[in-house]
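Data first, discussion second: the structure below is written as structure tokens.
The values are calculated or read from the model by the stated rules, or taken from the named source; none is laboratory data. In this text the structure is predicted, and so the values were computed from the model without any measurement. Positions of Cβ are backbone-derived with ideal geometry, glycine not excepted, and every protein chain shown enters the neighbour counts.
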Amino acid sequence: MEHLILVAEDDSHTRESLRRAMTRAGYRTLTAADGGAALDILKSEAVDVLLSDLKMPGMDGMTLLDRVRAEFPETAVIILTGFATVGLAVEAMKKGAYDFLTKPVDLGKLELLLGHALEARRLTQENRELRLRLRETAGLKPLLGRSAAMQRLRETIEQVAATDAAVLVLGESGTGKELAAHAIHYGGARAERPFVKVSCAALPEGLLESELLGHERGAFTGARERRKGRFELAHGGTLLLDEVGDMSPQTQAKLLRVLQEREFERVGGTDTIRVDVRLITATNRDLEALVAEGNFREDLYYRLNVVPVRMPPLRERVEDIPILAAHFLGSCAERWGKPVPEVTPEALALLCRYPWPGNVRELQHAVESMLVFSRGGAIAAEDLPPAIRGDERTADPAERHSGATLRDLERQAVLRTLVATGGNRRKAAEILGIGLKTLYRKIQEFRLQ
């Protein structure tokens, strides 16, 4: 690919010498006698690198630099300057110039600097393209479904993403709460800043505070060096606190202080650290009930619940199951190098009639299992996992659960998943989207030992 270099220089002899040198080096080269003429060329040509003198009649090099950084940010700028204006050249670098060279220009150094500038520009473009692809894959696109519930969810996320308000994502395990958090982050103004996640249920109480706030060297046994916490790492971006309902009262109090004052001290430290973070929290628990029971701070709940986003369970959007199943089949088949099989109408009917206590995550795991055991033809009813094709599972969910309390449904979901995994508690916790500690608590609570 032929790169385009633009030389903005008022001295005709220097301008022509640079043009000839750049042409011999294999670059396509254009020239301008002042900043205004250079700007006109930039508006009509995709310039890779601008070589600009600082002192020019009319629009000088500094003014031209400001315009280029604002209007053509992908164009690298190298400043040409006399010894008397080196200070201005340094100032130009602070304003965004790639580098500067003093006159008379050493052509060897100029070619080397051009190579570095073009490589830096290529990397910048690649990073921008990667960020755009990440925004696409982590935005609304993964929230699949044509149901009214999913259309409302996507509309809500688009509205929420445009603000900086705290968001509480509510929903059963496996409904895609983390996907929603990603979509909110990558759809907003902080999209190119960090997205940091913490699972509050995965860490014991003593480690969660250190994980969130960081610690100083020697703060506790094993703290051999200073470590930044997740709030610091997320500065300027978004912090997702998953399973926030499992947070202890002590950590709740410390989180409330960070949200109120936007500052904190690392564990074992005295220096106050200020942060600018958008907070998204997620939970599958009923926080209002926890507040009423005295297990969750009411003031913190209202801080987190500025904008609630509710994830619909899969049983409430049955019409999306064929779309989701086809998506998971396609992605798994591609990953494993297998052909994408069809699904028979009978098998699809069973998928749509099953209540999916583990929601979309359980459907994904079921599809992976179907693909593993498929014999190369269409996936039939007998290829489905036993829990899905069993007679006791095929009754209408509304009839089966009629009159059941939310606690009963939760108990059934935990029990069904434990049965489906053959008692493998780690696998059951993964399908249900909860921490192992939370599953053990549920087993005790529902007397499922």
Test set (1) more than 20 Å from Glu2 (Cα to Cα); (2) modelled with pLDDT of 90 or more; (3) surrounded by fewer than 20 Cβ atoms within 10 Å (Cβ to Cβ) - Gly35 fails condition number: (3)
Members of the stretch 426-448 that are assigned to a helix (DSSP H, G or I), surrounded by 15 or more Cβ atoms within 10 Å (Cβ to Cβ) and among the hydrophobic types (A, V, I, L, M, F, W, C): Ala428, Ala429, Ile431, Leu432, Leu439, Ile443
Restricting the stretch 119-167 to residues that are of a type in the set (A, V, I, L, M) and touching an Asp or Glu at 6+ places or on another chain (Cβ under 8 Å), the residue that is modelled with the lowest pLDDT: Leu140
Search result, residues across the stretch 62-79 that are modelled with pLDDT under 90 and touching a Lys or Arg at 6+ places or on another chain (Cβ under 7 Å): Glu74
Looking only at the stretch 81-96, and only at residues there that are hydrophobic (A, V, I, L, M, F, W, C) and in contact with a Leu (Cβ under 6 Å, 6 or more places away or on another chain), the one that is farthest from Arg24 (Cα to Cα): Leu88
Sole exception among (1) touching a residue at least 12 places away in the same chain (Cβ under 8 Å); (2) within 23 Å of Leu406 (Cβ to Cβ); (3) of a type in the set (A, V, I, L, M) for Leu350, by number: (2)
Residue in the stretch 225-239 that is farther than 21 Å from Val360 by Cα and over 23 Å from the mean Cα position of the chain (by Cα) present: yes
Residue selected from the stretch 235-263 under the condition of a type outside the set (S, T, N, Q) and in a loop (DSSP other than H, G, I, E, B), by the criterion farthest from Ala191 (Cα to Cα): Met247
Some residue of the stretch 214-222 being under 24 Å from Leu300 (Cα atoms), assigned by TED's automatic domain parsing to the domain that holds Ala289 and either in a helix (DSSP H, G or I) or not small (Gly, Ala, Ser) (or both): yes
Filter pass, Val90 being at pLDDT below 90 and within 41 Å of the chain's Cα centre (by Cα): yes
Qualifying residues in the stretch 264-280 (those that are assigned to a loop (DSSP other than H, G, I, E, B) and touching a residue at least 40 places away in the same chain (Cβ under 8 Å)) - the one surrounded by the fewest Cβ atoms within 10 Å (Cβ to Cβ): Asp276
Pick from the stretch 367-388, criterion of a type in the set (A, V, I, L, M, F, W, C) and either in contact with a Gly (Cβ under 8 Å, 6 or more places away or on another chain) or not in a helix (DSSP H, G or I) (or both), ranking: farthest from Tyr354 (Cα to Cα): Ala378
Residue within the stretch 289-297 that is of a type in the set (Phe, Trp, Tyr) and surrounded by fewer than 16 Cβ atoms within 10 Å (Cβ to Cβ) present: no
Search result, residues across the stretch 235-263 that are within 21 Å of Arg217 (Cα to Cα) and either crowded, with 23+ Cβ neighbours inside 10 Å or of a type in the set (Asp, Glu) (or both): Glu263
Close pairs (7 angstrom Cβ cut-off, 6 or more residues apart or separate chains): among the hydroxyl-bearing types (Ser, Thr, Tyr) in the stretch 141-166, surrounded by 15 or more Cβ atoms within 10 Å (Cβ to Cβ) anywhere: Ser147/Arg317; Ser147/Asp320; Thr156/Val309
Selection within the stretch 290-345 - without any contact (Cβ under 8 Å) to a residue 12 or more places away in the chain and in contact with a Phe, Trp or Tyr (Cβ under 8 Å, 6 or more places away or on another chain): Val291
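Could you please find all residues in the stretch 3-35 being assigned to a helix (DSSP H, G or I), farther than 13 Å from Val68 by Cβ and either of a type outside the set (S, T, N, Q) or under 41 Å from the mean Cα position of the chain (by Cα) (or both)? Lay out the reasoning, then the answer.
Of the residues in the stretch 3-35, the ones assigned to a helix (DSSP H, G or I) are 12-24, 35.
With the extra rule that they be farther than 13 Å from Val68 by Cβ, the set shrinks to 12-24.
Within the stretch 3-35, His13, Arg15, Glu16, Leu18, Arg19, Arg20, Ala21, Met22, Arg24 qualify.
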Residue match in the stretch 364-377 (condition: in contact with a strand residue (DSSP E or B) (Cβ under 7 Å, 6 or more places away or on another chain), surrounded by 13 or more Cβ atoms within 10 Å (Cβ to Cβ) and either over 23 Å from Gly245 (Cα atoms) or at pLDDT 75 or above (or both)): yes
Residue in the stretch 196-209 that is of a type in the set (S, T, N, Q) and surrounded by fewer than 14 Cβ atoms within 10 Å (Cβ to Cβ) present: no
